[in-house]
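The values are calculated or read from the model by the stated rules, or taken from the named source; none is laboratory data. Worth saying up front: this structure is predicted, and the values here are computed from it rather than measured. All Cβ positions, even for glycine, are placed from backbone atoms using ideal geometry, and neighbour counts span all protein chains on display. The protein model used for the area step is the full one, side chains on, heavy atoms only, and it has no ligands, DNA or RNA in it. Shrake-Rupley method; radii C 1.70, N 1.55, O 1.52, S 1.80 Å.
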Amino acid sequence: MQPSVIKLTRMTEAHTEAPTHYPPSAAFAATANATAEIYDRAEADRLGFWAEQAKRLSWATPFTEVLDWSEAPFAKWFADGTLNVAYNCVDRHVEAGNGDRVAIHWEGEPVGDARDITYAQLKDDVSRAANALTALGLSAGDRVAIYMPMVPEAIVAMLACARLGVMHSVVFAGFSATALGARVEDAAAKLVITTDGQYRRGQAASLKTAVDEAVANQPSVEHVLVVKRTGIDVDWTPGRDLWWHETVEQASPEHTPEAFDAEQPLFLLYTSGTTGKPKGIVHTSGGFLTQASYSHHNVFDIKADDVYWCTADIGWVTGHTYIVYGPLSNGVTQVVYEGTPTSPNEHRHFDIIEKYGVTIYYTAPTLIRTFMKLGRQIPEAHDLSSLRLLGSVGEPINPEAWRWYRDHIGAGTAPIVDTWWQTETGAIMISPLPGVTAAKPGSAMTPLPGISAKIVDDNGVELVPGADEAEHVTGYLVLDKPWPSMLRGIWGDDERFKDTYWSRFAEQGWYFAGDGARYDADGNIWVLGRIDDVMNISGHRISTAEVESALVGHSGVAEAAVVGATDATTGQAICAFVILKESAHGGSDNIVDELRAQVSTEISPIAKPREIHIVPELPKTRSGKIMRRLLRDVAEGRDLGDTSTLVDPSVFEAIRASK
Ligand code: WTA
């Protein structure tokens, strides 16, 4: 078989005048948690390195074996050790004398609605919830669905499950009743925890109604536990429905945590695959918590006096690992914000950073590009001098957004960690270490110490970094060695687990992440996006992300989405959908020609889009991912596929009108 790697020639490098590398300042490097030495230590003895990291946790029974890979791809890490995950996230900090430390500065969506929760209070709350769940008949191995906005009780509920060895399945509160129902059914959840309603841009909207609909014909569901958040009216099913304040808040704050095996399942998290049925990704306890704690400590350089803020929602894996388990296992003080970045106006995030003196801010490229679109006068109206480290996750960050983030939010000095990982990997895998790496905008750089990743061609042959510097050769990103927080399977479907992740490179026994990537001449990894987002134009594979990055490199462009549409001549042709910045409206008449030229000079004439549509909005899921599948439908003139996970299905009328 011919390797189908692509060869693209860049005519010019973008941003020739801007630095290509951003090393940390000497002052940052001098006090950094992670130094270059840990790469060497991990390289010399990978399993020994992980055993050492696992000692960040309190084990009830110490483990003697690090990894059992004899039943690959089903891994066991630290298998004969026992621990309690919630004890590690809460109780031990109180026992260490830090009970008065604020665990969560909670900021509600309505301005002024805020609460500080200390570790001692969190311990009492989690203990009460664990007692209440036990009284409802839940025990280790059961499943609980959590369908809640970003209120403190959602985190308490997750930790109460963890404390009891019960698996939580958090379902993003923006999902529909149908989506929730499918997940409750697949997991056969016994309990659903929700709220009466949630605030959406200042309005109280019902949430429990969706739960009522979702569980109507679900025999597994015995109870629905409801936190009163907005006070709106709810329907009530006596016997089944219970108020949180009448059960959990009345329970005893005394609860002794039981130790569970390291491989005790911790949670299920559904993620979309290539078929319509979502996959329930299974994570377990000891390995997951080890890597969550290790990566959080080193990638975010966490210190005792930091105020950390991850803007994700607990409905996604980032909220699991970098709001709940990583930060709390490390005993940090963090901000948790309930609402959207534009409520009541687009200053909200910056107001919060100022109010709490946030030092570490971890968000998604889509939000950074939104801020760019709104203009730098918004961050400039605030004192953001407390920020010392910035993070990015979820999709490739284009170099222009990276530089804007550093200049206008990070005062031109804060290191940026571009963190690559997935629901399936459980924790960050590829990222700069902020006190070590001279980061390049747009690259997630290299695997963390203890992690092994490669970029290979169709035949599993590793690409050679810098083989030909002028050519951009793209391959498959694989993880060639097991890691502690790896998924342990797909709930109830071992075959699908093997098939989805382990069959592409079955012979080698590698995990295929589904992403395309390339090495630069220095061997750094540039993740280009999902392989199914890679187009094939006249036999050349071109990543949608690369074309998008070129388009947003134009000063008039705020955001761009690119898809490959079927073309009789070239196989696929590139269709671009572009949002212009406010300032570009009414500007150049031939912006479309300029953009085509831009792509041509940034990548190659073969990457020139066939069509460029100027649109007012892009179709996005509630987690902010652009739904390219739907854009392909539009580009190819088909009826639209499933639009149920879109934030605003009406954007299509506007997009169609622009065609
Ligand atoms: C993409 C989110 C480039 C990638 C934690 C991956 C990224 C998918 C990055 C997983 C990054 C995530 N650079 N691409 N820094 N981070 N991705 O499961 O395509 O929601 O496979 O996990 O997001 O998305 P998921």
Whichever lysines have a C-alpha closer than 16 Å to that of Lys373, once near sequence neighbours (fewer than 8 apart) are set aside = Lys581
Under 5 Å between amide H atoms, partner at least 5 residues away or on a different chain: which partners does Gly391 have, H built in plane at 1.01 Å?
-> Tyr361, Tyr362, Thr363, Val417
Using mean Cβ contacts within 10 Å as the protection proxy, how do 157-169, 492-504 order, highest first?
-> 157-169, 492-504
Which whole number in µm²/s is D for the chain by Stokes-Einstein, with the Kirkwood Rh taken over Cα pairs at 37 °C and 0.692 mPa s?
-> 129
How much length is gained if the chain between Thr35 and Ser385 is pulled fully straight, taking 0.36 nm per residue apart and subtracting their Cα-Cα distance, in nm to one decimal?
-> 123.5 nm
Accessible carbon and sulfur surface of the chain relative to its total accessible area, %, 1.4 Å = 49
So for R0 = 30 Å, FRET eff. of Glu611-Ser555 from the Cβ-Cβ r, to 0.05, ends up at 0.90
Round to the nearest 0.05 the FRET efficiency obtained for Glu185 and Ala304 when R0 = 41 Å and r is the Cβ-Cβ distance.
-> 0.40
Residues meeting the amide H criterion for Leu67 (H placed from the backbone, H to H distance under 5 Å, 5 or more places apart or on another chain) are Phe78
Diffing segment 610-624: the Karplus 3J(HN,Hα) column from phi (6.51, -1.76, 1.60, θ = phi - 60°), in whole Hz with x for Gly and Pro, holds 6, 10, 10, 10, 8, 10, x, 8, 10, x, 10, 6, 5, 8, x
Arranged from highest to lowest average of other beta-carbon atoms within 10 Å per residue, in what order do the peptides 41-54, 72-85 appear?
-> 72-85, 41-54
Relative contact order computed over the chain (Cα-Cα under 8 Å; 6+ residues apart), in percent = 14
Provide the per-residue ³J(HN,Hα) series for segment 96-110, in order, calculated from phi with Karplus coefficients 6.51, -1.76, 1.60 and θ = phi - 60°, each as a whole number of Hz, with x at glycine and proline positions.
-> 7, x, 9, x, 7, 5, 6, 7, 9, 8, 8, 10, x, 5, x
Among the aspartates and glutamates, select those whose C-alpha is under 14 Å from the C-alpha of Lys76, and discard any that sit fewer than 8 residues away in the same chain.
-> Glu65, Asp68, Asp261, Glu263
Here the percent of antiparallel bridges among DSSP beta bridges lying wholly in the chain, to the nearest 5, is 60
Note down the net charge around Ser285, summing +1 for each Lys or Arg and -1 for each Asp or Glu among other residues with Cβ under 11 Å from its Cβ.
-> -1
What accessible area per residue comes out for the chain, rounded to a whole number of Å², with a 1.4 Å probe?
-> 37
Rounded to the nearest Å, what's the spacing between the alpha carbon centres of segment 192-240 and segment 364-423? Just the number, please.
-> 36
Estimated [θ] at 222 nm from DSSP helical runs (n ≥ 4, -39500 (n - 2.57)) normalised by residues in the chain, nearest 500 = -7000 deg cm²/dmol
Peptides ranked, highest mean first, by Cβ atoms within 10 Å: ranges 459-466, 506-513 = 506-513, 459-466
If r is the Cβ-Cβ distance from Glu653 to Leu136 and R0 is 51 Å, what FRET efficiency results, to the nearest 0.05?
-> 0.65
Under a point spin-label approximation (7 Å from Cα along Cα-to-Cβ), what is the Thr569-Ser176 distance to one decimal in nm?
-> 4.0
In Hz, Karplus ³J(HN,Hα) per residue of segment 375-390 (6.51, -1.76, 1.60; θ = phi - 60°; x = Gly, Pro) = x, 6, 4, 6, x, 5, 7, 10, 8, 9, 5, 6, 5, 10, 8, 10
Work through the residues other than Gly202 whose Cβ is under 13 Å from its Cβ and net out their charges, Lys, Arg +1 and Asp, Glu -1.
-> 0
Note: Leu47 to Glu354 extended length (0.36 nm per residue) minus current alpha-carbon separation gives 106.3 nm
About the Cα centre of the chain, what is the dipole size in debye to 20, counting +1 per Lys and Arg Cβ and -1 per Asp and Glu Cβ, all else neutral?
-> 380
Pulled fully out, how much extra length does the chain show between Lys625 and Glu95, if you take 0.36 nm times their separation in residues and subtract their Cα-Cα distance?
-> 186.7 nm
For the pairs Lys303/Lys355; Lys55/Lys123; Lys123/Lys303; Lys190/Lys498, note any where the Cα-Cα span goes beyond 25 Å.
-> Lys190/Lys498
Report the residues of segment 116-130 in range of a label on Ser58: point 7 Å along Cα→C-beta, backbone N strictly under 11 Å from it.
-> none
